[in-house]
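Inspection log for the structure reproduced underneath, given as structure tokens.
Here, each number is a calculation from the coordinates, and none is a lab measurement. Worth saying up front: this structure is predicted, and the values here are computed from it rather than measured. Cβ placement follows ideal geometry from the backbone for every residue including glycine, while neighbour counts extend to all protein chains displayed.
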């Protein structure tokens, strides 16, 4: 089964049809799932921004980086799981259409880059966070990771909004 | 609602509405800024409420959290007002004829008033707010009610995009 056939098969599932509004009486489902997606992304984005602004060194200066990340990351990941599940449900409703949309591809490229950025940060400078937990300004690599994450996630939210506009 | 409909039709006849129609790239950008700002407001409100309920402190007192986040909420709310107004001028009928839009505005005014009262009280007596023992009795109610109001505002805002077709 090639990718296109797989996406077609996803679209043909009863859940996809219901979300697409193709099942009579279920046309409220897409708005509901989308609203859940918006609330989840609001929490993902804002918790990431709070940590990023601390890493850049312009906000929450009185909080240690390790403590702030320990308290924010559970919110980020919980909301991310909700966003991923609701996003998958939205995706299968028009899988071939979304897959063909360049904005959709760009959004996932940016998410991949945000993931790489996060991984490099965690395996790198964050391993020695005890040395710079309360330093202002934070080390250059930490500031770079924070700034890159801010830009990438803003781009991800913009592209997500644009997908809804044109898909 | 008839009054709102006439008002919406009048906005639809203005030059600004026409200009936004001709420059179709503006509204998607405005909506993207709108969603980024709503994330800032919603996230900040969530952190403040959770701290008042005793969940998560990041080594900061209630007054430090509120004094840091509330100004960001005001800035984001200002941008939400600007972008929201722009979107209403571009698509007046979509916005103004839905009960969801009216309810959303009412809730925003209500929760904004609550936030201003909260923030001013924290600035006046930070020490009282920083200890759960001396905090005003309404602190937990404020935390729960304001978070529910913000959630409802986001839900109503998203629903406007779907329900307007029924009312128009």
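Observations
- C-alpha long axis of helix B:99-124 to longest principal axis of chain B, angle in °: 30 degrees
- For the range A:84-158 versus the range B:101-119, the spacing of their alpha-carbon centroids is 32 Å.
- With helices as the sole contributors, chain A gives -26500 deg cm²/dmol at 222 nm; each DSSP H run of n ≥ 4 counts as -39500 (n - 2.57), and the sum is divided by every residue.
- Within a Gaussian network of chain B (alpha carbon springs, distance under 10 Å), most fluctuating of B:65, B:85, B:14: B:14
- Test item: A:25-33 mean partner chain Cβ contacts at 10 Å: 2
- For the peptides A:15-22, B:94-101, the ranking by mean Cβ contacts within 10 Å, running from highest to lowest, is B:94-101, A:15-22.
- Degrees between helix B:2-12 axis and first principal axis of chain B (Cα, 0 to 90, nearest 10): 70 degrees
- For the protein assembly as shown, the convex hull spanned by the alpha carbon atoms encloses 158 Å³ per residue.
- Counting Cβ atoms of other protein chains within 10 Å of each Cβ in A:40-47 and taking the mean gives 6.
- When only Cα pairs below 8 angstrom with a gap of at least 6 residues are kept, chain A shows a relative contact order of 31 percent.
- In the calculated pair-distance distribution of the range A:1-157, the portion above 27 angstrom amounts to 36 percent of the Cα-Cα pairs.
- Hydrodynamic estimate: the Kirkwood radius of chain B over Cα pairs, inserted into Stokes-Einstein at 37 °C and 0.692 mPa s, corresponds to D of 188 µm²/s.
- 10 Å Cβ neighbours from other chains, averaged over peptide A:75-82: 1
- The range A:1-42 and the range B:34-87 have Cα centres separated by 31 Å.
- For the residues B:43, B:110, B:59, a GNM of chain B with alpha-carbon springs under 10 Å puts the largest fluctuation on B:59.
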